[in-house]
1. Partner chain Cβ atoms within 10 Å, averaged over the residues of B:81-87 - can you pull that number for me?
2. Please give the length that would be gained between residue A:161 and residue A:74 if that part of the chain were fully extended, namely 0.36 nm times their separation in residues minus their C-alpha to C-alpha distance (nm, one decimal).
3. Tell me which residues come under 5 Å, amide H to amide H, from residue A:211 once H is placed; ignore anything under 5 positions away on its chain.
4. Neighbouring Cβ atoms within 10 Å as the yardstick, rank A:52, B:79 fewest first.
5. How high is the FRET efficiency between residue B:134 and residue A:168 when r is their beta carbon distance and R₀ equals 45 Å, given to the nearest 0.05?
6. Quick one: 3J(HN,Hα) in Hz for the stretch A:58-63, Karplus 6.51/-1.76/1.60 with θ = phi - 60°, rounded, Gly and Pro as x.
7. Could you check the spin-label model distance between residue A:33 and residue A:177? Points 7 Å from the Cα along Cα→Cβ, value in nm.
8. Which GluC sites (Glu not before Pro) in the stretch A:157-202 pass both tests, a DSSP loop state and at most 12 other beta-carbon atoms within 10 Å?
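Where a number appears in this text, it was derived from the coordinates with a stated rule and is not lab data. Note that the structure is a prediction, hence the values are computed from the model and not measured. When we count neighbours, we look across all protein chains shown, and the Cβ atoms used for this are built from the backbone with ideal geometry, even at glycine.
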Amino acid sequence: MTTETMGTEDSFTDRLSDYLDDEMSAAERAEIETHLAGCGDCRATLAELRAVVARASLLSDDAPSTDLWSGVEERIAPSRSVLPFVSARRRFTFTLPQLVAAGLALMLSSGALVWVATMRDSRVSPPIVATTQTPPSSATEPAAPETDEPRATRVSFADVRYDEAISDLEKTLDEGRNRLDPETVRVLEANLLAIDQAIDQCRKALRNDPSNVYLNNHFVEQRNRKLALLRRATALTMEAGS
Amino acid sequence: MRAVTATQAAALVPGTRVFRVGRGPESPSACRKESRLRSESPERASTSEGAQQDDYVAQAAGGDVRAFEHLYRTHLPKVHSLVRRMAGGRDTDELTQDVFVRVWQKLGSFRGDSAFGTWLHRLAVNVVIERFRQETTRRQRLHDGEEIFETLSAPLRQQHFSMDFEAALMSLPDGARQIFVLHDVEGYKHHEIGTLLDISSGTSKAQLHRARMMLRKFLK
């Protein structure tokens, strides 16, 4: 077979699908049919192509071996009723913007307040309203008598009840963190770290200026925030596990 | 809630099979028309079933998850098989879920101008094509020139002549396989494929022929 003949064969072969699908003019069809009448190879190829098309039409549609509906339902359900702290996978989560915004606000306010407080001359600070020597009944409810002066709380660093409460909550959160969305856990930990850093900053600043009203207030505020965040997070882990 | 009409009776459904056994010089166009009408999509199995599906579509568009589940279960085998063949068996379950999530999101835009099955299958094809475009872009960005491995592995795959036809289909190059599935399995025409894949009809024809020529070896 010459190269020229092979080229001619290829040109016919390449058009067999168009012929099969009736995608050519009458003149082209006539040309192909004339060629087919004298070419056994092309007739065989045409028969094979026809068998392929026939086989394709017999392919059956099969359902997947595993049920995919639950995955679909999880993804479409939240779009109908968005519940706060509830993710699509029945994992409870804070919304990311909320936590990020809270973290940023926390870091900014913490740093700014500590800076303002430490820059102030303690001699012009408002008088401190000292609490009693016993810690407040609850870290979230620091005792402070009514006064016209700025409210301030001087807290003890060794607040046993607070530390116990934090310890218990951290333990509970640690046990249930696998029930929370991983992204929520990541952001939660970042926020707790930011709060701890703020508390640590206050603690160091208070060592130099223990009577500073702003530092004392800020210290209590950050500890209360940590307590509140841990309480909320542990409540969600328990809710997710129920 | 938008109205969903039940006016799909006369439409030919691209998402249905075209039985072309024995087709060729004899009477191709007549065979195609008869075959399409014989191979109805799920919603047209009967008038009452079609009306019931219209109800489900309307209810689902209004937010009824249970109605949507009915639609899902009715069309799942077809969509899953379409996705599996189009995607070459990759991420089939995930893509199928993507399709139905997309359907749920887009139900509000379905006006009933075509059969629901037609609309759904077109949407499924688009989901797969989108994924492939994203993957292609990513692959080109990360592994420029990796196509050489595709070329090298092709002759090896062709040696498995006894391979099941479905498996053979999966082994085709992506472009040829998708066009083969759309044309010979799903019944799309070349100009429709051209629109879907953003290619010319000529390219579609050439790729279809290429796919058939490769697949015929598995039927020997």
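1. Details: counts 6, 1, 1, 3, 3, 0, 0.
The per-residue average across the peptide is 2.
2. Working: separation 87, 0.36 × 87 = 31.32 nm, distance 4.17 nm.
Residue separation times 0.36 nm, minus the Cα-Cα distance, leaves 27.2 nm.
3. When sequence neighbours closer than 5 places are left aside, there are no close amide H contacts.
4. On the way: A:52 25, B:79 28.
The order, fewest Cβ neighbours first, is A:52, B:79.
5. Details: r = 47 Å, r/R0 = 1.05.
Once the sixth-power term is evaluated, E becomes 0.40.
6. 9, 4, 9, 9, 10, 6
7. 7.8 nm
8. Numbers: sites: A:164, A:170, A:175, A:183, A:189; in loops: none.
Filter output for the stretch A:157-202: empty list.
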